[in-house]
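Each remark here refers to the structure printed beneath this line.
Read-outs: derived from the displayed coordinates by stated rules, not from any lab. None of these values were measured; they are calculated from a predicted model. Please note: Cβ atoms are built from the backbone with ideal geometry, for glycine as well, and neighbour counts cover all protein chains shown.
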Amino acid sequence: MKIYNMRNHIRLGLIILGVTLNMNVFAQDTLWINTGDWHQSQDTMSVLRFNDTPVFDTSNVALNTSADASLFLTVINMDTEPHDFGVDGIWSLGVDILPNDTTTFEIPPMAMGTYRYFSSDLRGMYLGLSGVLKVGLNMPHQFHWNLADFMPERMDSISSGGELLDDEPYVPRYFSINAYTYPHTALDANGYVSMALGDTCTISIVNSGMMDHVLHFHGFHVEYLSSTIQTSRIGWSKDTTPLLQGEAVTLLLIANQEGMYPVHNHNLIAVTNSGFYPGGMITLINITP
Amino acid sequence: MRVCITFLFVASLFCHNAAPSVAQTFSPPPPLLFTGMDGILISDGGMEIPIWGYGLTSDGYITVPGPLLEYETGDEVNLAFVNNSAESHTIHLHGLDVNQANDGVPTTSFIVVQDEVGAYAFTASEPGTFLYHCHVTTTLHLTMGMYGMILVRHPGGVLFEGGPAYYSDAPLLFSDLEIATNLDPVQSYPFHDIRPDYFMVNGRSGSQLETGSTGIPGEPGTILSCPNGESLALRLGSMAYTLTKLIIPSELDAMCYMSDGRPVPTPFGVEELDIYPGERFTVLISPDAEYDGTIEVQSWDMVNQEYVHSNFVRIRDAALNIGDPQSPEPLSLSISPNPSRDFISVNSNDGRDLADWTIYDAAGKMIRSGHSNSPSMRIDISFLESGAYILESINGDHKSRTRFVR
């Protein structure tokens, strides 16, 4: 781990001024930890997000970087509590980013695939600090699905400084893809798969939730290109893909037939919004002639 | 503007009362299946659990799971069902990658309302293990029981082209239900907290998986037998709301060759296998000589990741079956209408007189008996309480049983 505190202020100043450093040997990005509200049905939940501007957006931004090159990240914590930062199974910052503080660090080169970047502290996990990191994916058509589940009562407790009770069952009421729930998933250009017949795309999926999920593809089989947990499945062709808690996978989809097909969680409690069907983790694949 | 139009269209995709968006253009075949919402599942403890489901039109009753549908690689399939229930239903051909018109999703394909016939056409292009289920208000219709397994066999007794040979198939469909939901589906909202409390293998649970104790007199349980030196193909699929975890004894030399209707690139030995809802696996087992043991089928809560329940499927060397009582003869009675409130007509399919007949309730208690010198008769059942019953006919050495529901 290297923390370039000396360069932070210079880099941050350039970024704020809209200037990017022209360095070919590594990529760089800046993330703001923003606070805001997420509205679903009759619930409003206080959430945290990694955004690429200081303005709160409901979706965590997806990061892209090259394979086999370092990624320099600057994280600016706008929350009132400290947060750690890491890439699941790859790298961890090891120290907290304090409120209103800025830290820049280098993440070592990673192999091609999809990874989860996140904060592993309780507040970060339950309030949504978890995003998609794509490494070395170069296809013209790329989509990403950041899966999450939310229990408003638990989020309210944690956002106001409460602790988890061991015997309290987890009963999520919302299930989202990129912070969208069906039918609003159709508005998400990153999640709604739209291609022409014969096109090929990658779909980067991260399970940022507190439970396992399982997605079923109508109309298509997809091939596992990478997985951070179920590595034995790389190369498998599947229509039903489990995403274990914290797992990140890259899937290859070949648009070999026209039409509109759903992709949805086959744990069917998760295709609901506050218990009402249809909702939650459903998105669509639309293949045009 | 384009986004808005797309959103409005997509927002209606899962509503089940909209007009079909893709019409069927071929002549539908006679319905093989029908859908019903008045079935009864007899639990391991003898409880009568209401179910919805699919049944063969030739049988006249629905089951959980629905009938096993069997095809051969390359078959051009025309599959139709008649909806005999008040709610609309469909068939989603899970994993067969059918086109949009035949996908079974309301509005992107079509929906089948009461008394109408729905027909699906597809090519069984890949061998393997697949599923089918209703895709209308899916969260509810599945927990009520509207699902089954599809098996596409490859010619030549092999799993797939260039794949291993095997002796026979053993379909095992894992599912579950929340009893309170099935008892009162109208009041079952909200659906986000369905917590199954009854767990099944091929619709059976606990002691029902042992021979002769299915709750139905004389109906066999689930003992999988395989001659020593041969391989049995476990066709594993899940329609559960829980994670299914199989614990397979090492003596069975289990090898996984396929998942979701495709060969896995490298077959692998398996002693523990996680099957998530909607997944399928094909695993070959080769029991040692004189093997007699069980595969444990564990169910795990997916939300809190806690162990919930175990069922056991017994496996044994076929040589151990020698000397066992003979399996019951194939059913040769037909009953219609089924279910019925007042009368049932009983016909012997092989033309034998019905002779001595007996009605048993689900617990095996004799309710009524009689004698008929005809291959057909009409029986008044208006006095029976609602539930599932067995009609047995004995003519000399020939014994037949079939189930009906009042």
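Restricting to lysines 8 or more places apart or on different chains, can you count the pairs in the protein assembly as shown with Cα atoms under 23 Å from each other?
Lysine pairs, 8 or more places apart or on different chains, close enough: 4.
Wrap a convex hull around the Cα atoms of chain A, take a quarter of its surface area, and give that in square nanometres.
15.1
Just going by the charge dipole of region B:168-321, with Lys and Arg at +1 and Asp and Glu at -1 on Cβ, which of B:TYR307, B:PHE191, B:VAL270 is farthest out on the positive end?
Checked the options; the winner is B:PHE191.
If the chain between B:GLU306 and B:GLU178 were fully stretched, how many nm would it gain, using 0.36 nm times the residue separation less the Cα-Cα distance?
Length gained between B:GLU306 and B:GLU178: 44.4 nm.
Using a 7 Å offset from the Cα along the Cα-to-Cβ direction at both A:ASP167 and B:ASN228, what is the distance between the two label points in nm, to one decimal?
5.4
Could you size up the charge dipole of region B:168-321 around its Cα centre, putting +1 on the beta carbon of Lys and Arg and -1 on that of Asp and Glu, and report it in debye to the nearest 20?
360
Describe numerically, in nm with one decimal, the distance between label points set 7 Å from Cα along Cα→Cβ at B:LEU56 and at B:SER386.
According to this spin-label approximation, the distance is 2.8 nm.
Normalised by the empirical 2.2 N^0.38 Å for globular proteins, what value does the Cα Rg of the protein assembly as shown take? If you can, show how the numbers build up before the last one.
Details: Rg = 27.7 Å, N = 695, 2.2 N^0.38 = 26.4 Å.
This ratio for the protein assembly as shown stands at 1.05.
How far apart, in nm, are two points set 7 Å out from the Cα along the Cα-to-Cβ line at A:SER232 and at A:ASP101?
4.2
Using a Gaussian network for chain B with springs between C-alpha atoms less than 10 Å apart, which of these wobbles most: B:ILE394, B:ILE359, B:ILE179?
In this elastic network of chain B, the residue with the biggest mean-square fluctuation among B:ILE394, B:ILE359, B:ILE179 is B:ILE394.
Does a label point 7 Å from the Cα of A:THR35, set along Cα-to-beta-carbon, have any residues of region A:153-175 with amide nitrogen under 12 Å, and which are they?
Under cut-off, by backbone N: A:159-161.
For n ≥ 4 DSSP H runs only, could you compute -39500 (n - 2.57) per run for chain A, divide by its residues and tell me the 222 nm figure to the nearest 500? Don't skip to the end; give the middle numbers.
On the way: 3 runs with 26 residues, N = 289.
Helices in chain A give a 222 nm mean residue ellipticity of -2500 deg cm²/dmol.
Report the Cα centroid-to-centroid distance between region B:290-313 and region A:79-150 in angstrom, as an integer.
So the two Cα centres are separated by 35 Å.
Find, among the chymotrypsin sites (Phe, Trp or Tyr not before Pro) in region B:344-388, those assigned to loop by DSSP (not H, G, I, E, B) with at most 12 other beta-carbon atoms within 10 angstrom.
Qualifying residues, ordered by number: B:PHE383.
Quickly estimate the mean residue ellipticity at 222 nm for chain B, helices only: each DSSP H run with n ≥ 4 gives -39500 (n - 2.57), and the total goes over all residues, rounded to 500.
That comes out to -1500 deg cm²/dmol.
Can you figure out the FRET efficiency of B:ILE394 with A:GLN257, using R₀ = 41 Å and their beta-carbon distance, to the nearest 0.05?
0.15
For region A:213-289, which chymotrypsin sites (Phe, Trp or Tyr not before Pro) are in a loop by DSSP, counting at most 15 other Cβ atoms within 10 Å?
Filter output for region A:213-289: empty list.
For chain B, set up a Gaussian network in which alpha carbons nearer than 10 Å are linked by springs, and say which option among B:GLY148, B:GLY118, B:GLY370 fluctuates the most.
B:GLY370
Looking at chain B, identify the longest residue range that excludes and avoids all GluC sites (Glu not before Pro) in DSSP loops having at most 10 other Cβ atoms within 10 Å.
Values: sites that count: B:GLU290, B:GLU385.
Between the exposed loop sites, the longest stretch runs B:1-289.
What FRET efficiency do you get for B:ILE247 and B:ASP288 if R0 is 25 Å and r is their Cβ-Cβ distance, rounded to the nearest 0.05?
Given R0 = 25 Å and the Cβ-Cβ separation, E is 0.90.
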